Amino acid sequence: MAGGSSATAGDEAKVITILSIDGGGVRGIIPAIVLAFLEKELQKLDGPDARIADYFDIVAGTSTGGLLTVMLAAPDKDGRPLFDAKDLAKFYIDESPKIFPQKGSIFSNIGSALALATGPKYDGKYLHSLLHRHLGDTKLDGALTHVVIPAFDIAYLQPTIFSSFQTLLAMNQVAEHMVLAGQQPAGKSYIVISIGCGTSSLPKLKYSAKDAAKWGILSWLIKDGSVPILDMFNAGSADMVDFHLSVLSAVLGTSHQYLRIQYDKLSGSAGSIDDSSKANLDRLVKIGEELLSEKVSGVDLETGRNVEVPGGGTNAEELAKYAKQLSDERRRRRNN
């Protein structure tokens, strides 16, 4: 196990463990709260030194989920995870106002609108310096477990995957070979935990095709304090991942377990990706805590909507069950 994690055992293991974290800017506080709970449950089972990177063969994240991924898997000087999961939310609370500085006056808002029309809303300099301060020259191949950070190459108009997992570079060829040969990953089962950054409860009430048909380019970029085109892309990508994983889990059978944790009642400023005001950050913390007490939900494959899982417990109860399975799997590997 690299750095004490389950990663190096992954190729031979019969159970592959995967953690996936959505993108969502400051809303990364929501999965941070969930991850802190999961790590606490693992520590109840295996002691105070247990860390999330010790239990997952692959940790993947997009955008702010990629930041959380790196924070969980990057090593400190002692070869252990740089951040405890309990410190992730505090990192967002302390650093978000500097990454996404807020401008309050009417004149600064006009200036921001003009700047947005001609360049990026934020220059990213503080975020870059912050990452360099914590990570230095650490490379992906130094991560304590396999990490996967999807991005998009605008030059070639195709997805790009940054990863310490070298076989991902040939994923298309591997998949094509398996399809042509009629193969399935023999003897493998999967434990997948996917954590979202929250979505609007009823996005269809937020925008309508009738109204959008009359929009010009500015309305797609700015509408009632939101960015409609980003809202739609973010919600659509998150929902499609959830839908496809649910279908895959159903097809592969009960030996493949998939837990999706998502808050679907965001409203107002809580739905923003860059509102770093103290009031909003505190609200996101409360949403994360509330999410743990909600009933576990899953995608209805006929309607595409999230529904409560019949007979399911709360998200906290399900995470505790998954923590036990992760702990048992890690112990099994150590004993082999």
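Can you tell me which residue within the stretch 21-60, out of those that are part of a helix (DSSP H, G or I) and β-branched (V, I, T), is nearest to G268 (Cα to Cα)? Working first, answer last.
Within the stretch 21-60, the first condition is being part of a helix (DSSP H, G or I), and the residues that meet it are 25-46, 52-54.
Filter once more, so that each one left must be β-branched (V, I, T): 26, 29-30, 33-34, 52.
Details: V26: 14, I29: 16, I30: 16, I33: 20, V34: 22, I52: 32 Å.
By that ranking, first place goes to V26.
Of all residues in the stretch 290-336, those being in contact with a strand residue (DSSP E or B) (Cβ under 8 Å, 6 or more places away or on another chain), exposed (fewer than 13 other Cβ atoms within 10 Å of the Cβ) and in a helix (DSSP H, G or I) number 1. Within the stretch 124-148, restricting attention to residues that are closer than 14 Å to G61 by Cα and touching a Leu at 6+ places or on another chain (Cβ under 8 Å), the residue that is surrounded by the most Cβ atoms within 10 Å (Cβ to Cβ) is V147. Could you check D282 against (1) surrounded by fewer than 16 Cβ atoms within 10 Å (Cβ to Cβ); (2) at pLDDT below 85; (3) of a type in the set (D, E) and say which number it fails? Here D282 meets the rest and fails (2). Need the failing condition index for Q43 against (1) under 17 Å from the mean Cα position of the chain (by Cα); (2) under 22 Å from L292 (Cα atoms), just the number. So Q43 meets the others, but not (1).
All conditions in (1) at pLDDT below 95; (2) part of a loop (DSSP other than H, G, I, E, B) hold for T8, with the sole exception of (2).
Where residues in the stretch 190-220 are outside any loop (DSSP other than H, G, I, E, B), surrounded by fewer than 16 Cβ atoms within 10 Å (Cβ to Cβ) and of a type in the set (A, V, I, L, M), which of them is modelled with the lowest pLDDT? Checked the stretch 190-220; the qualifying residue modelled with the lowest pLDDT is L205.
Once the stretch 80-121 is narrowed to residues that are at pLDDT 95 or above and not in a helix (DSSP H, G or I), the residue that is farthest from the chain's Cα centre (by Cα) is R80. With respect to the conditions (1) at pLDDT below 70; (2) in a strand (DSSP E or B); (3) not aliphatic (A, V, I, L, M), R260 falls short on a single one, namely (1). Is one or more of the residues making up the stretch 123-146 at pLDDT below 85 and part of a loop (DSSP other than H, G, I, E, B)? Yes, there is a match, as at least one residue in the stretch 123-146 is at pLDDT below 85 and part of a loop (DSSP other than H, G, I, E, B).
Can you find even one residue in the stretch 164-175 that is in a helix (DSSP H, G or I) and modelled with pLDDT of 60 or more? Yes, the stretch 164-175 contains at least one residue that is in a helix (DSSP H, G or I) and modelled with pLDDT of 60 or more. In summary, V296 fulfils each of the numbered conditions (1) touching a helix residue (DSSP H, G or I) at 6+ places or on another chain (Cβ under 6 Å); (2) modelled with pLDDT of 95 or more; (3) within 21 Å of K40 (Cα to Cα) with the single exception of condition (2).
Checking each residue in the stretch 280-330 for being free of Cβ contacts under 8 Å to residues at least 40 places away in the same chain and either touching a His at 6+ places or on another chain (Cβ under 8 Å) or among the basic types (K, R) (or both) picks out R283, K286, K295, R305, K321.
For the stretch 42-57, what are the residues that are among the aliphatic types (A, V, I, L, M) and over 10 Å from L326 (Cβ atoms)? Show your work before the answer.
Let us first name the residues in the stretch 42-57 that are among the aliphatic types (A, V, I, L, M), namely 42, 45, 50, 52-53.
Matches in the stretch 42-57: A53 only.
The values are calculated or read from the model by the stated rules, or taken from the named source; none is laboratory data. All values reported here derive from a predicted model rather than from experimental measurement. Cβ sites come from the backbone with ideal geometry, for glycine too, and all protein chains shown count toward neighbours.
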